[in-house]
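Trainee: I have a structure here, written as C-alpha cells, and I will follow up with some questions on it.
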Amino acid sequence: MGFLTPEVSFEKPDGEYVAKGYYIWNHEPELNGEGDFYQELIPTEPVDYKYYAVNDGSQIHVAGRRVTSKLYGEKQFIGQIEIRPELAASLRELVERFDLRGVGVDLVKDDNGQYWAVDVNLAAGYRDTGLEPALTESIIASLSSK
C-alpha cells in the first residue's frame, strides 16, 4: 500500500523488538517482552501518529492524531496532526483495495523522517478525530445499500 513496515518473526530477534499477541484483547504490545509474534523496533521518539480513514460511500475522509506510545507508558492524546499527502494516499488505497468502510493505521517516525506502519486497526476508535459525521454517513450508506 506504500507504507514501510518493520520485519515480523515468530521467534525473538537478536535486537530490540515489540512483542505482540494475535489478539489485542489478550495481550498489549510490550517492549522486549513475550508475545505470539515479534516486530522489529523502529528507533523513534515515543510518539504514535494515528491515521484514520472513513469511507462514507461517496468519498474517503482522513484524519490524524498524535499520541504517546503505549510501549513507554499510558497512551495520552498530544494533538491533531497535519495530514501528510503521501500517507493519506496510501491509507485511501488500503480502504479502496479492501473495500473497507473504516480503518486506523498507527505509524511511527524514525530518525530519518520516514514513517513506518506498525499497526492496522479495523475497529479503530474515532473519538475526537472529526470523522464522526463521516462515520455516521458510512453506516447509513451501508444500511441503505442492503
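Trainee: At a threshold of 8 angstrom on Cα-Cα distance, excluding pairs fewer than six apart, so keeping six or more, what relative contact order does the chain reach in percent? Could you put the intermediate results ahead of the total?
Mentor: Values: 284 pairs, mean separation 35.7, N = 146.
For the chain, the relative contact order is 24 percent.
Trainee: Sort 5-18, 49-62 for me by packing, meaning the mean count of neighbouring Cβ atoms within 10 Å per residue, highest on top.
Mentor: Working: 5-18: 12.5, 49-62: 20.7.
Going from most to least packed, we get 49-62, 5-18.
Trainee: Please give the helix 132-144 orientation as an angle from the longest Cα principal axis of the chain, in degrees from 0 to 90, rounded to the nearest 10.
Mentor: The angle comes out near 60 degrees.
Trainee: All other residues with a Cβ under 14 Å from the Cβ of GLU34 taken together, and with Lys, Arg as +1 and Asp, Glu as -1, what is their net charge? Write down the numbers at each step before the final one.
Mentor: On the way: positive: LYS12, LYS20; negative: GLU11, GLU28, GLU30, ASP36.
Net charge around GLU34: -2.
Trainee: Taking 7 Å along the Cα-to-C-beta vector as the label spot, tell me the TYR72-ILE139 distance in nanometres, rounded to one decimal.
Mentor: 3.6
Trainee: For segment 68-81, take each phi angle, set θ = phi - 60°, evaluate the Karplus expression 6.51 cos²θ - 1.76 cosθ + 1.60, and give the result in whole Hz per residue in order, putting x for glycine and proline.
Mentor: 6, 6, 5, 5, 10, x, 5, 5, 9, 5, 9, x, 6, 10
Trainee: Give the aspartates and glutamates reachable from LYS50 as a straight Cα distance under 13 Å; neighbours fewer than 8 places away on the same chain don't count.
Mentor: The reachable aspartates and glutamates, counting only those whose Cα sits under 13 Å from LYS50, are GLU82, ASP106, ASP119, ASP128.
Trainee: Helix 85-97 versus the longest principal axis of the chain: what is the Cα-based angle in degrees, 0 to 90, to the nearest 10?
Mentor: Roughly 70 degrees, rounded to the nearest 10.
Trainee: Could you give the alpha-carbon Rg of segment 79-131 over 2.2 N^0.38 Å, rounded to two decimals?
Mentor: Values: Rg = 11.7 Å, N = 53, 2.2 N^0.38 = 9.9 Å.
Segment 79-131 yields a ratio of 1.18.
Trainee: For VAL47 and GLU86, what does the FRET efficiency come to when R0 = 22 Å and r is the distance between their Cβ atoms, rounded to the nearest 0.05? Can you show the working numbers first?
Mentor: On the way: r = 19 Å, r/R0 = 0.86.
With a Förster radius of 22 Å, E is 0.70.
Trainee: Mind running the shape call on segment 1-58? Use the C-alpha gyration tensor, a ≥ b ≥ c as the square roots of the eigenvalues: rounded below 1.5 for a/c, prolate if a/b tops b/c, oblate otherwise. Please list the in-between numbers first.
Mentor: Working: a/c = 2.13, a/b = 1.68, b/c = 1.27.
Since a/c reaches 1.5 and a/b is larger than b/c, the shape of segment 1-58 is classed as prolate.
Trainee: Report the net charge of residues surrounding GLY21, where surrounding means a beta-carbon distance below 10 angstrom and charges are Lys +1, Arg +1, Asp -1, Glu -1.
Mentor: Numbers: positive: LYS20; negative: GLU28, GLU30, GLU34, ASP36.
Spelling it out: positives minus negatives among the neighbours equals -3.
Trainee: From Cα pairs below 8 angstrom and at least 6 apart in sequence, can you work out the relative contact order of segment 1-87, rounded to a whole percent?
Mentor: Details: 143 pairs, mean separation 18.8, N = 87.
Here the relative contact order equals 22 percent.
Read-outs throughout are calculated quantities, based only on the coordinates presented, and are distinct from any laboratory measurement. These numbers were taken from a predicted model, which means no experiment stands behind them. Cβ sites come from the backbone with ideal geometry, for glycine too, and all protein chains shown count toward neighbours.
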